[in-house]
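Colleague: One structure is given below, represented as structure tokens, and several questions about it will come after.
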Amino acid sequence: MSEPTAHIAARCHRDTRYCSRCDLLVGLGGLRVTAVEYDHDVGLLVVGVESPRTPMGCPSCGVIAHSHGRSDVTLVDAPCFDRPVQVVWRKRIWRCQEAACPRKAFTEQDEDIARPRALLTTRACWWAINQIRREHGSISGIARQLGTTWNTVWSSIRPLLQEMADDEDRFAGVTRLGVDEHVWHHVSEFPITEGGRGPKQLTGMVDLTPDGDGRPRARLLDLVPGRSGKVYSDWLAERGQEFRDGVVVATLDPFHGYKNAIDDQLEDVVAVLDAFHVVKLGTQAVDEVRRRVQQEIHGHRGRKNDPLYGIRTILRCGQEKLTDWQRARLDRAIAADERHDEVLVAWLCTQQLRSAYQAKSTVEGRRIAEKILASLPTCPIPEIRRLGKTLKQWRAAFLAYFDTSRANNGGTEAICECLPGWSGTGWSGWFRSR
């Protein structure tokens, strides 16, 4: 054979006690693998490691220390090969021979491997945090994968989360700011100290600043309890004048509380009403017209064979997405009764609203939007007239979409809607991007 297959081929170190390929596979820099065993009773992979012997200076005086034995430290590592992993680190103990040195003996430490007195390796801590961030994992589920307990996992990652929560650098460079509410849970709002789950609603702030290619990269900045203008205003005030001066565009849902906070704290910022929520208001208006006409004609809610009830989902679609069969069904339902024309008119008004956002250029989109603002408030259909008045109240924020390169709150919605519910461990630092 051209290549030796014996285990000795892997012994690349001068000290033949170590195997370079095992060291590479385990991936704990600075440590060498001395043993790998699988405990069939508990389904645990146990990896023994140690540091190669090198001269060690005393941290206090710098004098070369002498060996003073070993101490086995057991750490929980990130899972490997679908098995929980336990690392047994044979730490070297050193004794300083300098009589005047206050430090007599010390144990080797490496925070890249694990913090002093840690139960999890640094790698396992960040693996757990990434599972929470990206996979919506729970602490209990992570503990099962690591082969340890809930308290061990939480006590290990909580300091790292707190460091991220206290790091003010994440607020630097924010030019576009989004805000949205998030329902944390659906039970009582009793305080956590009394056995409850705390506040139901939170307000989330998201960085929507575009990257070098002009694409927004949504990044969660903070979550604060409550959903009100005061909550958002207080958060903006805490960030300081430098942060507020850097924000150029602020996107939001049609909620006057957040708008008032922007007006109070971000006076020179352009507020932009989210396109999705504007179209949603139009779709809701069409549903209200359909239900009202249904009641006026039949005296009851929609039933299976009622023409308007049969097209309820078609009325929520964009005109350009309808198939020929859907168009024919829509035409038949409208032609079934002349009173159904009111529903058709409402639907066409909503399609015009959608076309403003679908226009190829922002100039054309703004022209359509201004036409909508001029016509909808005088529409004879009460639901559409109310929609027009709502848009008129938000005129500046509605039209700002076309003056800010189509800024929207989509990234904020994506993050805040995808946050998992309360698990009893707090939210500080959980989902903040690196």
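Colleague: Could you pull the accessible area for V36 with a 1.4 Å probe, rounded to 10 Å²?
Modeller: 80
Colleague: Using only Cα atoms, locate the centre of the stretch 67-146 and the centre of the stretch 329-365, then give the distance between them in Å, rounded to an integer.
Modeller: With the stretch 67-146 and the stretch 329-365 each reduced to a Cα centre, they are spaced 63 Å.
Colleague: Right, another one. Return, ordered by residue number, the residues of the stretch 338-361 whose backbone nitrogen is under 15 Å from a label point located 7 Å along Cα→Cβ of L322.
Modeller: 340-355
Colleague: Could I ask something else about it? Please give the helix 150-166 orientation as an angle from the longest Cα principal axis of the chain, in degrees from 0 to 90, rounded to the nearest 10.
Modeller: 70
Colleague: Quick check on the chain: helices-only [θ] at 222 nm, where DSSP H runs of length 4 and up contribute -39,500 (n - 2.57) each and the sum goes over total residues. Nearest 500, please.
Modeller: Per the formula, -12000 deg cm²/dmol.
Colleague: Turning to a different aspect of this structure: Compute the helix-to-body angle for 275-298: its Cα long axis versus the longest principal axis of the chain, expressed 0 to 90° and rounded to tens.
Modeller: 50
Colleague: Indicate, rounded to the nearest 5 percent, the antiparallel portion of the DSSP beta bridges found entirely in the stretch 39-125.
Modeller: 75
Colleague: What do you reckon, how do F255, F171 stack up by accessible area (1.4 Å probe), largest on top?
Modeller: F255, F171
Colleague: Would you list which lysines come within 26 Å of K360, measuring only between C-alpha atoms, while excluding same-chain residues fewer than 8 positions from it?
Modeller: Hits, sequence-local ones excluded: K280, K321, K371, K392.
Colleague: May I ask you to rank H340, H66 by accessible area, largest first, using a 1.4 Å probe over the protein chains only?
Modeller: Largest accessible area first, the residues go H66, H340.
Colleague: If I compute Rg and Dmax of the Cα atoms in Å from the structure I just sent, which labelled value in (i) 22.2, 80; (ii) 22.8, 72; (iii) 31.2, 104 lines up?
Modeller: Calculated Rg and Dmax of the Cα atoms in Å: the matching label is (iii).
Colleague: Keeping all protein chains in position, work out how much accessible area S60 exposes to a 1.4 Å probe, and write it in Å² to the nearest 10.
Modeller: Looks like 60 Å² after rounding.
Colleague: Give the whole-number value, in cubic angstrom per residue, of the convex hull volume spanned by the C-alpha atoms of the stretch 31-152.
Modeller: In the stretch 31-152, the Cα convex hull volume per residue is 119 Å³.
Colleague: To the nearest 10 degrees, how steeply does helix 229-239 sit against the main Cα axis of the chain, on a 0 to 90 scale?
Modeller: Approximately 40 degrees, to the nearest ten.
Colleague: Would you mind telling me the antiparallel percentage of the DSSP bridges in the chain, rounded to 5?
Modeller: Percentage antiparallel, nearest 5: 75.
Colleague: If you count only protein heavy atoms and use a 1.4 Å probe, how large is the accessible surface of T209, to the nearest 10 Å²?
Modeller: 30
Colleague: I would also like to ask the following. Quick one: which residues, 5+ away or cross-chain, put their amide H under 5 Å from the amide H of C80? H built at 1.01 Å from N.
Modeller: V85
Colleague: Projected onto the charge dipole of the stretch 340-421 (+1 at Lys/Arg Cβ, -1 at Asp/Glu Cβ, origin at the Cα centre), which of A346, S361, A407 gives the Cα projection farthest towards the positive end?
Modeller: Toward the positive end, the furthest listed residue is S361.
Colleague: Continuing with the same structure: If the elastic network links every pair of Cα atoms under 10 Å, which of V179, V286, V187 fluctuates the most in the Gaussian network model of the chain?
Modeller: V187
Colleague: If you don't mind, there's one more thing I want to ask. Let me make sure I get this right: for the stretch 110-249, a, b and c are the square roots of the gyration tensor eigenvalues over alpha carbons, sorted descending. Under 1.5 in a/c it's rounded, otherwise prolate if a/b > b/c, else oblate. Which is it?
Modeller: Because a/c hits 1.5 or more and a/b fails to exceed b/c, the stretch 110-249 counts as oblate.
Colleague: Placing +1 on the Cβ of each Lys and Arg and -1 on the Cβ of each Asp and Glu in the stretch 47-120, which of A65, V88, G48 has its Cα farthest towards the positive end of the resulting dipole?
Modeller: A65
Colleague: Sort I93, I132 from largest to smallest accessible area, using a 1.4 Å probe on the heavy atoms of the protein chains.
Modeller: So, going from the largest accessible area down, we get I93, I132.
Colleague: Springs between alpha-carbon atoms under 10 Å, Gaussian network over the chain: tell me which of E320, E242, E364 tops the mean-square fluctuations.
Modeller: E320
The values are calculated or read from the model by the stated rules, or taken from the named source; none is laboratory data. For clarity, every value in this text was computed on a predicted model and none was experimentally measured. In this analysis, Cβ positions are derived from the backbone assuming ideal geometry, glycine residues included, and neighbour counts consider all displayed protein chains. Protein only, heavy atoms only, side chains kept; ligands, DNA and RNA dropped before computing areas. Shrake-Rupley method; radii C 1.70, N 1.55, O 1.52, S 1.80 Å.
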